[in-house]
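Shown next, in structure tokens, is the structure this report addresses.
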Amino acid sequence: MRSYLVLTPKNGPDREHRSTIIMPDGFSWPAFLLSWIWLFWHRMWIAGAVALVIQIGSGILSTMPGFAIGGWLLGFAMNLIVALEGRHLYSQSLQRRGYTLETVVFAQDRSTAEEMYFSNLPQPEPKAMPSLSEWAPQTNTPFPAAAGWQSSGAGLFDHGGR
């Protein structure tokens, strides 16, 4: 089972909950493979810039004699930290922008988490259907003149004898 964070915007979710974010919590392969790009993609500019500087530094360090392993380990460690903590950083970033952490749902996959969350939301009360008398015309006007196949005109619609 995996945990999923449910975040809603500060003014509350829209009617269809399109603005509600259900995000898996835990390791992220895209964040591991493309750490600073992943951070920039999720609009975490400062963390992305720090990750980029560390990546550049680890690349420079790995070209220096005697520091190759240290440079590779520094780059690997930075990618691992972003992969493990990136989604937490992203949820914190969304909360600073006004989103609210509603709940944490434990489910097998994202679609099951969505079903579990949305099934527990309060349902609006159904409105009563209008009665037959409300649908019937309220005026006592006679029926309109014959049209279509009942009229004397040629064609489907009667054009008033024109």
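For the range 1-121, what % of the accessible area comes from carbon and sulfur atoms, probe 1.4 Å? Carbon and sulfur together cover 65 percent of it.
Please work out the FRET efficiency for the pair residue 97 and residue 76, using the Cβ-Cβ distance as r and a Förster radius of 45 Å; give the result to the nearest 0.05.
Details: r = 31 Å, r/R0 = 0.68.
Taking R0 as 45 Å, the efficiency between residue 97 and residue 76 is 0.90.
For the range 23-106, the solvent-accessible area with a 1.4 angstrom probe is 63 square angstrom per residue. What distance in nm separates the two pseudo spin-label positions at residue 68 and residue 89, each 7 Å out from Cα along the beta-carbon direction? Rounded to a tenth, the inter-label distance reads 2.9 nm.
The values are calculated or read from the model by the stated rules, or taken from the named source; none is laboratory data. Source: prediction; values computed, not measured. Ideal geometry is used to build each Cβ from the backbone, glycine not excepted, and the neighbour counts take in all protein chains shown. Side chains are part of the model used for accessible areas, which takes the heavy atoms of the whole protein and leaves out ligands, DNA and RNA. Shrake-Rupley method; radii C 1.70, N 1.55, O 1.52, S 1.80 Å.
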